[in-house]
Amino acid sequence: MELNKKSFYFENGEPGILLLHGLTGSPSEMYELGRFLSDKGFTVLCPLLPGHSTTPEDLNNRKWQEWYISAIESLATLKNKCKKVFACGLSLGGSISLHLAAHYKLEGVIILAAPVKFSQKKLLFFISITRKFIKCKKKKKNPEGLTERFSYNCYPLNSIFEMNKFLNHLYDDLPDIQTPLLLIYSKKDRD
């Protein structure tokens, strides 16, 4: 299978579902789920969030508002095709889905391992200082079974700082969510 680094769209029936990938990832990590949902009759759209599938340096220069605006634009595209729309996101994509639910009418939201707050304050403090001269932190090798997806091989530190700013903003909006939620987390998820 060729890695799907770009947005994908499967037009099918009602309802529609917006899929959002995680930080440093790409639509490839949502592709199998998107294909499965399409086969079950959903219209599926998974955009490529700004700064992803280009270079880690590009992601380091992006603001969280760019990711969110991209999700809003994709939601509008999907709502033009479907009367009922769900959002489903992995990690950062799940957090963005929650933010969409706080501000837009959705039929439901599915969250896959999405953070709503960073618990590692010491790490965030370290990143806030070092991100000016250390641009990326190398990732551990992809676990077996994840070789079919595209992701950067490092964590662009400024993007983690931007994600934290977004999560602080999101945290204040959580009480505004009136949409049904399905929250899915692994027992082995890290903080």
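Apply the Karplus parameterisation 6.51 cos²θ - 1.76 cosθ + 1.60, with θ equal to phi minus 60°, to every residue of the range 9-18 and state each ³J(HN,Hα) to the nearest whole Hz, in sequence, with x for glycine and proline.
For the range 9-18, the Karplus-derived couplings read 9, 10, 7, 9, x, 7, x, x, 9, 8 Hz, x marking Gly and Pro.
In nm, to one decimal, how far is the modelled label at D58 from the one at F10, with both set 7 Å along Cα→Cβ?
Placing both labels 7 Å along Cα→Cβ, they lie 2.5 nm apart.
If I take R0 = 25 Å and measure r between the Cβ atoms of K40 and Y185 in this structure, what FRET efficiency does the formula 1/(1 + (r/R0)^6) give, to the nearest 0.05?
Taking R0 as 25 Å, the efficiency between K40 and Y185 is 0.60.
Around T43, which amide H atoms from residues at least 5 apart in sequence, or from another chain, sit under 5 Å from its own amide H, with H modelled in the peptide plane?
Amide H to amide H, under 5 Å and 5 or more residues apart or across chains, T43 pairs with N12, G13, G16, I17.
Tell me, what is the per residue accessible area of the chain in Å², probe radius 1.4 Å?
Ligands and nucleic acids excluded, the result is 55 Å² per residue.
Based on the mean of other Cβ atoms within 10 Å per residue, sort peptides 175-184, 23-32 so the most packed one is first. Please report the intermediate quantities before stating the final value.
Values: 175-184: 12.5, 23-32: 22.9.
Output ranking for 175-184, 23-32: 23-32, 175-184.
Give the calculated FRET efficiency between K105 and D172 to the nearest 0.05, with a Förster radius of 22 Å applied to their Cβ-Cβ distance.
Approximately 0.65, to the nearest 0.05.
Show the residues, 5+ positions off or on another chain, whose built amide H is closer than 5 Å to the amide H of Y155.
Residues meeting the criterion, in which the H sits 1.01 Å from N, are K137, K138, K139.
What percentages make up the Cα-Cα pair-distance distribution of the range 20-158 when the bins are 10 Å wide from 0?
11, 39, 34, 13, 2
If you roll a 1.4 angstrom probe over the protein chains with everything in place, what fraction of the accessible area of the range 1-99 belongs to carbon and sulfur, to the nearest %?
Carbon and sulfur together cover 52 percent of it.
Go through the range 73-163 and name the GluC sites (Glu not before Pro) that are in a DSSP coil and have 14 or fewer other Cβ atoms within 10 Å of their Cβ.
Passing both the DSSP loop test and the Cβ count: E144, E148.
For the chain, calculate the relative contact order in percent as a whole number, restricting contacts to Cα pairs under 8 Å that are 6 or more residues apart.
That works out to 26 percent.
Amide H to amide H, which residues 5 or more places from F8 or on other chains are under 5 Å from it, using H placed in the peptide plane?
C46
How about the chain: what cysteines have no other cysteine beta carbon under 4.7 Å from their own?
Flagged as lacking a Cys partner: C46, C82, C88.
Would you please give the FRET efficiency between A76 and I129, computed as 1/(1 + (r/R0)^6) with r the Cβ-Cβ distance and R0 = 45 Å, to the nearest 0.05?
Values: r = 39 Å, r/R0 = 0.86.
Between A76 and I129 the formula returns 0.70.
The values are calculated or read from the model by the stated rules, or taken from the named source; none is laboratory data. From a predicted model like this one, the values you see are computed outputs, not experimental measurements. Because the Cβ atoms are built from the backbone with ideal geometry, glycine has one as well, and the counts that use them run over all protein chains shown. Side chains are part of the model used for accessible areas, which takes the heavy atoms of the whole protein and leaves out ligands, DNA and RNA. Shrake-Rupley method; radii C 1.70, N 1.55, O 1.52, S 1.80 Å.
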